[in-house]
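So the structure is just underneath, and the comments pick up after that.
The values are calculated or read from the model by the stated rules, or taken from the named source; none is laboratory data. Worth saying up front: this structure is predicted, and the values here are computed from it rather than measured. Virtual Cβ from ideal backbone geometry, glycine too; neighbours counted across all protein chains shown. Only protein heavy atoms, including side chains, enter the accessible area calculation; ligands, DNA and RNA are left aside. Shrake-Rupley method; radii C 1.70, N 1.55, O 1.52, S 1.80 Å.
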Amino acid sequence: MLKIGIFSKLSRISVRMLRYYDDQGLLAPVKIDPYTGYRYYSEEQLRTAERIASLRRMGFGLAEVKALLAAADNQEVWEKALERQRAVLQEQEREARDRLLLLENTLDRLRKDEKLMEYPVTIKELPSRYVASVRRRLPTYWHEQELWDTLCRETAGMDLQVSEPCYAMAVFHDGEHVEKDADVEIQMAVQGTYSDTENVKFRTVPAMRIASATFKGPYDLEPEAVQTVVEWVRDNGYEFDGPSFSIYHVSPHETRNPEEYVTEVCFAVRKTDS
């Protein structure tokens with residue numbers, strides 16, 4: 001048997017954490033001397049300690065680690081848990097890349113002493129059009145690509161005839177910005193008539209009056225364009241009258257270079273009575 005200090009060195013887990021793991025029912029010493037209170041661990045427990053440390057480095061919580069240790073011989077349980085955690089870490093990695101890109105772009109503009117870009121605002125009628133539509137609640141707005149994947153997958157054999165312009169857009173139906181469970185719809189204008197699939201609905205969208213501004217570059221520029229439209233609406237006798245949406249004139253579908261994206265931010269509006 002190994003005293004707790006030696007076990008700590010061999011397992012590379014601090015004595016404090018070993019005591020904590022004991023309290024949490026994760027790794028109890030095989031013996032506690034009733035007179036001295038010394039804790040003793042077996043050499044075989046080093047394997048368990050390594051599993052705990054490895055799972056913690058992967059980001060598992062203590063409750064998850066405890067459950068996995070209890071299912072040590074169940075490969076299926078471990079595989080499912082590891083796959084779930086991989087998905088979590090991949091999402092965190094994507095979010096970190098997005099934050100890093102925003103930071104780098106902001107630094108770049110700051111170092112160039114760049115002023116706010118000009119975004120001319122246009123008031124226009126968006127025509128009625130026949131669209132292929134997918135609408136679903138998503139974990140966050142960042143999951144929009146799932147809707148485009150669904151559209152492509154379920155219409156792959158339809159030979160869709162895309163209109164020109166195709167008005168590829170994402171419509172945000174929530175009355176406010178939400179952190180999760182976002183109500184998002186994507187639309188693409190098409191020619192002809194098609195039957196609905198499980199998730200893709202074909203319908204005619206009515207014309208609407210919109211105020212919009214177009215920007216070129218990565219999506220983190222969008223707040224500046226939105227601010228310009230909001231101020232224009234305020235100063236020109238209009239008010240918001242429906243959902244906001246973005247039209248993707250040049251998107252990741254056409255280019256992998258974010259500097260080449262062209263996006264039009266749009267708001268349904270109406271003239272005020274005053």
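For every residue, the table says whether it meets (1) in contact with a helix residue (DSSP H, G or I) (Cβ under 9 Å, 6 or more places away or on another chain); (2) more than 16 Å from Gln85 (Cα to Cα).
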site: Arg19; (1), (2): yes, yes
site: Glu43; (1), (2): yes, yes
site: Met58; (1), (2): yes, no
site: Gly61; (1), (2): no, no
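Return the residues of the stretch 229-268 that are under 29 Å from the mean Cα position of the chain (by Cα) and of a type in the set (A, V, I, L, M, F, W, C); say none if nothing qualifies.
Val229, Val230, Phe240, Phe245, Ile247, Val250, Val262, Val265, Cys266, Phe267, Ala268, listed by residue number.
Of all residues in the stretch 203-228, count the ones that are within 29 Å of the chain's Cα centre (by Cα), under 17 Å from Ser133 (Cβ atoms) and not basic (Lys, Arg).
Qualifying residue count for the region: 1.
Go through the stretch 187-225 and give me each residue that's touching a residue at least 12 places away in the same chain (Cβ under 8 Å), among the small types (Gly, Ala, Ser) and over 30 Å from Glu118 (Cβ atoms).
Gly192
Name the residues in the stretch 140-153 that are of a type outside the set (A, V, I, L, M, F, W, C) and open to solvent by less than 40 Å² (accessible area, probe 1.4 Å), would you? Steps first, answer last, please.
Start the filter on the stretch 140-153 by keeping residues that are of a type outside the set (A, V, I, L, M, F, W, C), which leaves 140-141, 143-146, 149-150, 153.
Within the stretch 140-153, Thr140, His143, Glu144, Thr150 meet the criteria.
If you take just the helices (runs of 4 or more DSSP H) that sit entirely in the stretch 1-120, which of them hold at least 2 residues that are open to solvent by 50 Å² or more (accessible area, probe 1.4 Å), basic (Lys, Arg) and modelled with pLDDT under 90?
75-111
If a residue must be in contact with a helix residue (DSSP H, G or I) (Cβ under 6 Å, 6 or more places away or on another chain) and free of Cβ contacts under 8 Å to residues at least 24 places away in the same chain, how many such residues does the stretch 25-41 contain?
1
Out of the stretch 44-71, which residues are more than 30 Å from Thr140 (Cα to Cα), aliphatic (A, V, I, L, M) and without any contact (Cβ under 8 Å) to a residue 12 or more places away in the chain?
Once the filter is applied, which keeps residues that are more than 30 Å from Thr140 (Cα to Cα), aliphatic (A, V, I, L, M) and without any contact (Cβ under 8 Å) to a residue 12 or more places away in the chain, the stretch 44-71 yields Ala70, Ala71.
Can you tell me which of Asp183, Asp159, Asp220 is among the charged types (D, E, K, R) and in contact with a His (Cβ under 9 Å, 6 or more places away or on another chain)? So that I can check it myself, show each step before the final result.
Details: Asp159 fails: in contact with a His (Cβ under 9 Å, 6 or more places away or on another chain); Asp220 fails: in contact with a His (Cβ under 9 Å, 6 or more places away or on another chain).
Among Asp183, Asp159, Asp220, only Asp183 is among the charged types (D, E, K, R) and in contact with a His (Cβ under 9 Å, 6 or more places away or on another chain).
Run Arg135 past the list (1) surrounded by fewer than 18 Cβ atoms within 10 Å (Cβ to Cβ); (2) over 20 Å from the mean Cα position of the chain (by Cα); (3) not hydroxyl-bearing (Ser, Thr, Tyr) and report the number of the one that doesn't hold.
Failing condition for Arg135: (2).
Which pairs do you get when a residue that is acidic (Asp, Glu), found in the stretch 235-253, comes within reach of a residue that is at pLDDT 90 or above and assigned to a helix (DSSP H, G or I), reach meaning Cβ atoms under 9 angstrom, with the pair 6+ apart or on two chains?
Final answer for the pair search is Glu239/Val233.
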